[in-house]
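Here is the structure we will look at.
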Amino acid sequence: MLIIAMTVIVGSLQAQAPTGIPEVDSAAVARVAWGRMQDALKHDDVPGARAAIARAASAWPTQPAYPWAQALLAAQAGDSVAALGALTRFLDLGLGRVITPASPLERFARWPPFAAALRRLRDQGLPLARSRTAVSTTDSTFWPEGVDYEPASRSYFLAGVRHGTIAQVRADGSVRYLWPPDAPGTGAVLGVRVDTLRGILWATISGIPQRAGYLPADSAIAALLRIRVADGAIERRWDLPPVPGGHVLGDLAVGPDGDVYFTDSNQPVLYRLRPNGDTLEHISHPLFRSLQGLAPSPDGRDLYLTDYSHGLLRVRLATGTVTRVADAPGSTSLGCDGIAWDRGTIIAVQNGVTPARVIRFILDPTGDRIARLEVLDRNTPLAPEPTIGTVVGRRFVYVANGQWDEYDDDGHLNADARLEPARLVAVPLDDREH
C-alpha cells in the first residue's frame, strides 16, 4: 500500500453545500476527493485512488499535495506518461522535493524526459541560504512561535509555546522573561506584537496540549493580552468564551491607527480590537478555514491574512468584504504561516510546502492579485522549522526553529526529537543588504 504524506487541511470529508464562492467550493470538492483517495488506498484500490486524486487536482490545482500524489500513484501503476504530467504540474508551482532511491518516481529515471523532471525536482528543492543568524538563546525547551522587534531597546520579543511566557531577547543573546515560565493560567503564548507608537506589547494565549503541564480544563484558556513592557504586567485581558475543541489564537498584527487584529485558527475567526475599545469584534467568512498570519496595509484600508488551505486573503476593513488574492502564474500561496507588510509587498513564511521557504508576494497595483512570487530563503539548515517573522530595517527576521515537529499532538516529546535553543535568522530584503 502506498502512503501519501503531504500537508493538507482536510477537516470533514462530507460534501458541503455550495457557498457560491468558487475558491471555497472548489477546495471543498478537492478535500472530499482527497479523503476518497485515502479510503481507496486503505483497500489497495489504486485505480480508485487515482480517479479520486485526479478529481482533487482538477478542482484545486494550486494545492501541491494533489499533483504530487497523482505522480506517485501513476508511478506505482507504471503509467510513466501520467506520472510525468503530474510531476510537471507540481514543478510548475515552483516547488521541489528530495526523494529517495526507493521512491516510485525513480523507476522512470532512465527515460530522458522524466530524468529532466527529476533533476528539476531536486534543483527546486536545493537550499537557497541567504539568511544569517540574528540572535540565539540558550534554552532548548523554550519553543518559540511568534516574534516582534522593539527598536527602543533593540530587542526581540519571543512568544513561548512550551512554558507560556514571553522572552525579551537582547542583541547579545541575554534573556529577560516578562513573567516566570510555567506560570498558571497563561496557556501557550503564540503571537506577540509591539505597538511601538503607543508603547504597548500585545500577545495571544491559548490552552493547548503542547503547553507544559497542560490539563484538559486548560482548553478553556484563550485571550488577548495587553502587556506593560517595563515589568511584564498584564494591564488588560480579553478572554474568549470556551467553545468545543478550544480556541487556537495565533498571530496578531497592529494597524497604523492602533487597531489590533488576531486570528483563531481553530474556529476560524478574525478578531479586531479598536483603539481604546472594550469589545472584540469578529469576522467570519467561508474563505476562513485555517487562519494564520496578518499584515495590515499602511493606509489602514486593507488587512491581508493567510489561510493555510485557501491561500492569501484580503479584507476590506471599511466593509468587511473578504476576497482571495489571485496567485501569480506558476506559484501557490497555500501553506503560509506568518506574514509581514514591506513596501507594497508581503513577506511570508511558507512552511506548509516542502521544503519550507520565505517568499515575497509582489502585488499588482490593485492589490487583488499577486503579480510575482520571489523566493528569499529556502531549505536552509539554519531554519528547520520556520514560523513567524517581522521586518527589521531591510531584513526579515524570523523564528527559525519552532518545535511542533518535535512533539506529538498530546504534547509529548517524540523519541527522535532534536531540541535546539531558540534561534532567529535574518534574510535581506534587498540584494545590496546581503
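In the set G207, G232, which member is under 16 Å from Q267 (Cβ atoms) and either small (G, A, S) or modelled with pLDDT of 95 or more (or both)?
Working: G232 fails: under 16 Å from Q267 (Cβ atoms).
Just one listed residue meets the conditions, G207.
What strands (runs of 3 or more DSSP E) lie completely within the range 222-295 and have 2 or more residues being in contact (Cβ under 8 Å) with a residue 12 or more places away in the chain, farther than 24 Å from P184 by Cβ and in contact with a Leu (Cβ under 8 Å, 6 or more places away or on another chain)? I'd like the intermediate steps shown before the answer.
Details: elements: 222-227, 234-239, 249-254, 260-264, 269-273, 281-283.
Once the strands (runs of 3 or more DSSP E) in the range 222-295 are filtered for at least 2 residues that are in contact (Cβ under 8 Å) with a residue 12 or more places away in the chain, farther than 24 Å from P184 by Cβ and in contact with a Leu (Cβ under 8 Å, 6 or more places away or on another chain), what remains is 249-254, 260-264, 269-273, 281-283.
From A212, A217, which residue is of a type outside the set (D, E, K, R) and touching a His at 6+ places or on another chain (Cβ under 8 Å)?
Working: A217 fails: touching a His at 6+ places or on another chain (Cβ under 8 Å).
On inspection, the qualifying residue turns out to be A212.
If you check G320 against the conditions, is it within 18 Å of the chain's Cα centre (by Cα) and small (G, A, S)? Lay out the reasoning, then the answer.
Values: within 18 Å of the chain's Cα centre (by Cα): no; small (G, A, S): yes.
No.
Condition first: within 14 Å of D368 (Cβ to Cβ) and among the small types (G, A, S). Now tell me which residues in the range 300-326 satisfy that.
Across the range 300-326, the qualifying residues are G311, A326.
What is the one condition in (1) part of a loop (DSSP other than H, G, I, E, B); (2) closer than 27 Å to W60 by Cβ; (3) in contact (Cβ under 8 Å) with a residue 24 or more places away in the chain that L305 does not satisfy?
(1)
If you go through the range 361-375 one residue at a time, do you hit one that is within 17 Å of the chain's Cα centre (by Cα) and surrounded by 18 or more Cβ atoms within 10 Å (Cβ to Cβ)?
yes
The values are calculated or read from the model by the stated rules, or taken from the named source; none is laboratory data. Just so you know, these numbers come straight off a predicted model, no measurement behind them. Ideal geometry is used to build each Cβ from the backbone, glycine not excepted, and the neighbour counts take in all protein chains shown.
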